[in-house]
Amino acid sequence: MEAVLARPSAKSYQFLSFIRKRSDAVAEISRDLNREVKRISPKYFYDERGSRLFEQITATEDYYVTRAENEILVERAQEIADLIGEDCALIEPGCGNCSKVQYLLSALRPTLYMPIDISTPPLQKAARHLVNRFPWLNCTAINADFCDLSFVPTLIGEQRRVVFYPGSTIGNFEPADAVNFLKAVRDIVGSEGGLLIGVDLEKNAATLDRAYNDREGITADFNLNVLHHLNRIAGSSFSVDSFEHLAFYDSRKNRVEMHLRSIADQTVEFAGSTLNFSAGETIHTENSYKYSTESFSALAAEAGFIRAQTWYDSKHLFSMHYFVADDTYNSNQ
Ligand code: AVI
């Protein structure tokens, strides 16, 4: 992967691209669609339209997640900033439209802000908006799949590092993969750094079912849009109208599952192979795990983090944790 420097419009703003070749993405999707249980990684939701639809989801009455998290950030920004401390480099993997960090920036005043996102135009737009709104901000925007953070140390140097990971995006990983991702974060922040992370709490099935089946049908459009995205990047022949949105909470696994269900027997051409679907068969597109404070702290402990502080919204729907490095942690254990 080679970094491409694009138009540093001010001394304090850089845009770097580490995007993988399209053929790698198509090969990965093809592998997943040819498994016994077909699946698509949720990262492919976020083309330009998908990113817009996600923003619309966050504004629906039924998707409580963003409202609850924003309430915490607005109410607790100073407290959070005091705990994190001065002069850190703030790294935000999967920053989307960078809306959440805006609540923190004035209180925290990081020496560097590094937003990372896979979706190019929304990242460019968000980063430009930020540097206009906060003219003092030193911003290096990275266009990349944030699952590989190996480029971060060389770009940041010796500054103390804090990773900001809001939105409960950690819930979209399988728990074992979440531990591996948090281990990579722990390696990046080192023994002096920290992790500020938003995690959706376990709650009743009705609230969760409503949040992922909003009455405006935006989550359904968001889920189905992944097939348009695939058709565009892989030249595949998905007939989007022949699939329907399915989302439900599985209380045994503590996760909301999203699928696309085929409404007929059909075949789809994808990257040189023919995929057969029977009516009712699904493609698994997303898991969204929910955690208690205790279960998430245990997961983070496996990656070498100790919980320093937790904040909740007034309805106790969502949690924001600050973790620091556990000095006694041995990564080989
Ligand atoms: C980005 N992520 C945390 C969202 C979630 O709640 O799992 C994505 C989403 N899927 C459906 N609605 C929102």
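The values are calculated or read from the model by the stated rules, or taken from the named source; none is laboratory data. No experiment lies behind these values; they were computed from the predicted model shown. Using ideal geometry, Cβ is built from the backbone for each residue, glycine included, and neighbour counts are taken over all protein chains shown.
β-branched (Val, Ile, Thr), away from the ligand (no atom under 13 Å from the Cβ) and either farther than 18 Å from GLU48 by Cβ or under 18 Å from the mean Cα position of the chain (by Cα) (or both): does that describe VAL189?
Values: β-branched (Val, Ile, Thr): yes; away from the ligand (no atom under 13 Å from the Cβ): yes; either farther than 18 Å from GLU48 by Cβ or under 18 Å from the mean Cα position of the chain (by Cα) (or both): yes.
Answer is yes for this residue.
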(message) Could you check segment 197-214 and list, in sequence order, the residues that are more than 10 Å from the ligand (Cβ to nearest atom) and either among the basic types (Lys, Arg) or over 16 Å from the mean Cα position of the chain (by Cα) (or both)?
(response) LEU201, GLU202, LYS203, ASN204, ALA205, ALA206, THR207, ASP209, ARG210
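Residue check: is GLY96 buried (at least 19 other Cβ atoms within 10 Å of the Cβ), assigned to a helix (DSSP H, G or I) and either away from the ligand (no atom under 13 Å from the Cβ) or not charged (D, E, K, R) (or both)? Walk me through how you get there before you give the answer.
Numbers: buried (at least 19 other Cβ atoms within 10 Å of the Cβ): yes; assigned to a helix (DSSP H, G or I): no; either away from the ligand (no atom under 13 Å from the Cβ) or not charged (D, E, K, R) (or both): yes.
Criteria not met by GLY96.
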(request) For segment 37-44, state whether one or more residues are modelled with pLDDT of 95 or more, closer than 30 Å to SER278 by Cα and away from the ligand (no atom under 16 Å from the Cβ). (result) yes
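Taking the residues in segment 134-172 that are assigned to a helix (DSSP H, G or I) and modelled with pLDDT under 95 as candidates, determine which candidate is surrounded by the fewest Cβ atoms within 10 Å (Cβ to Cβ). I'd like the intermediate steps shown before the answer.
Let us first name the residues in segment 134-172 that are assigned to a helix (DSSP H, G or I), namely 152-156, 169-172.
Right, trim to modelled with pLDDT under 95 and you get 152-156.
Working: VAL152: 23, PRO153: 13, THR154: 8, LEU155: 15, ILE156: 17.
Only one residue tops the list, namely THR154.
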(request) Within segment 113-131, identify whether any single residue is touching an Asp or Glu at 6+ places or on another chain (Cβ under 6 Å), within 16 Å of the ligand (Cβ to nearest atom), more than 16 Å from SER51 (Cα to Cα) and of a type in the set (A, V, I, L, M), and answer yes or no. (result) no
(message) Among the residues of segment 74-87, are any surrounded by 15 or more Cβ atoms within 10 Å (Cβ to Cβ) and within 16 Å of the ligand (Cβ to nearest atom)?
(response) no
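State whether the residues of segment 233-246 include one that is in contact (Cβ under 8 Å) with a residue 60 or more places away in the chain and either of a type outside the set (D, E, K, R) or within 16 Å of the ligand (Cβ to nearest atom) (or both).
Here is the first cut: in segment 233-246, the residues in contact (Cβ under 8 Å) with a residue 60 or more places away in the chain are 233-234.
This time we only want the ones that are either of a type outside the set (D, E, K, R) or within 16 Å of the ligand (Cβ to nearest atom) (or both), so: 233-234.
Within segment 233-246, one or more residues are in contact (Cβ under 8 Å) with a residue 60 or more places away in the chain and either of a type outside the set (D, E, K, R) or within 16 Å of the ligand (Cβ to nearest atom) (or both).
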(message) Need the failing condition index for ASN213 against (1) touching a Pro at 6+ places or on another chain (Cβ under 9 Å); (2) of a type outside the set (Asp, Glu); (3) part of a loop (DSSP other than H, G, I, E, B), just the number.
(response) (1)
